[in-house]
Amino acid sequence: METQADILLVDRVLQGEESAFESLVIKYQATLRALATNMLGDRDEARDVAQETFLQAYSGLSRFDRARNFKTWLLAIGVKRCLDRLRRKKTSWKYFHQETQERNLGLVKPARSIEESEIFYPLLKKLNQKERTAVSLWVNEDFQAREIGAVIGCSEATARVHLFNARKKLKKGLGESKNEVTP
C-alpha cells in the first residue's frame, strides 16, 4: 500500500536516514509541480513552490500525523504555498489569464492531464481557484472528495460542491464550444 510505504520512509527520515526523504521527493515532485503549475501558471514559480513545500514538509515531518495520507498532507502544504504566493503578488484570475495567454505557458503534463486538451484548457481558466484545483486533483491524481477536501482545506461535502460546479461549468463550456465549431 502506497500510504504504508510512505510512512516507512517518513519513519526512516525521522530516524536520521535523510536519503529516505529523497525517495519521497522523487515520488511526488512531478505531482507537486503539476499542481503548482496549474495554480500559478508559471513553471519556474511552480519549481520554487515545490522546493519550498518539500523544505517545509521536511522540517515539519516530526509533526506529521500518521493517520493522514502523506501525499495529501504534502499537497495541502503545496496548495497553501501557492495561495501564499498568489496573495503576495496580489495576482487576480484576470491577471493570471492575461499572463498565461501573453506568455503562452504550457502546463506540466501528467499522463492523464486534462490540461493537455486544447478544448479543456480554455474552459479550465474560467473556473475559480478551488474548482480548478479540485477538478485537477480529481482528474490528474484520481483523488476522491475526501482527499480533495484535505488538500484544499475544506470539508468533503464542500469539495464535492467544488467538483460539481467545476464539472457543470466544463460541460456547459464544452456544449458552447461544440456549438461554435458546428456550422
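The values are calculated or read from the model by the stated rules, or taken from the named source; none is laboratory data. Just so we're clear, the structure is a prediction, and the values are computed from it rather than from any experiment. Every residue, glycine among them, receives a Cβ derived from its backbone with ideal geometry; neighbour counts consider all protein chains shown.
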Determine whether segment 170-178 contains at least one residue that is assigned to a helix (DSSP H, G or I), under 20 Å from residue 77 (Cβ atoms) and not hydrophobic (A, V, I, L, M, F, W, C).
no
Residue that is nearest to residue 135 (Cα to Cα) [pool: residues in segment 35-88 that are surrounded by fewer than 22 Cβ atoms within 10 Å (Cβ to Cβ) and hydroxyl-bearing (Ser, Thr, Tyr)]:
72
Listed residues 29, 4, 98; which is over 20 Å from residue 143 (Cβ atoms) and either at pLDDT below 90 or polar (S, T, N, Q) (or both)?
98
How many residues are touching a residue at least 40 places away in the same chain (Cβ under 8 Å) and either assigned by TED's automatic domain parsing to the domain that holds residue 53 or touching a Phe, Trp or Tyr at 6+ places or on another chain (Cβ under 9 Å) (or both) when one looks only at segment 148-179?
5
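Residues checked against (1) modelled with pLDDT of 90 or more; (2) within 15 Å of the chain's Cα centre (by Cα); (3) not assigned by TED's automatic domain parsing to the domain that holds residue 151:
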{"site": "16", "(1), (2), (3)": "yes, no, yes"}
{"site": "33", "(1), (2), (3)": "yes, yes, yes"}
{"site": "41", "(1), (2), (3)": "no, yes, yes"}
{"site": "53", "(1), (2), (3)": "yes, yes, yes"}
{"site": "61", "(1), (2), (3)": "yes, no, yes"}
{"site": "67", "(1), (2), (3)": "no, no, yes"}
{"site": "77", "(1), (2), (3)": "yes, yes, yes"}
{"site": "84", "(1), (2), (3)": "no, yes, yes"}
{"site": "88", "(1), (2), (3)": "no, no, yes"}
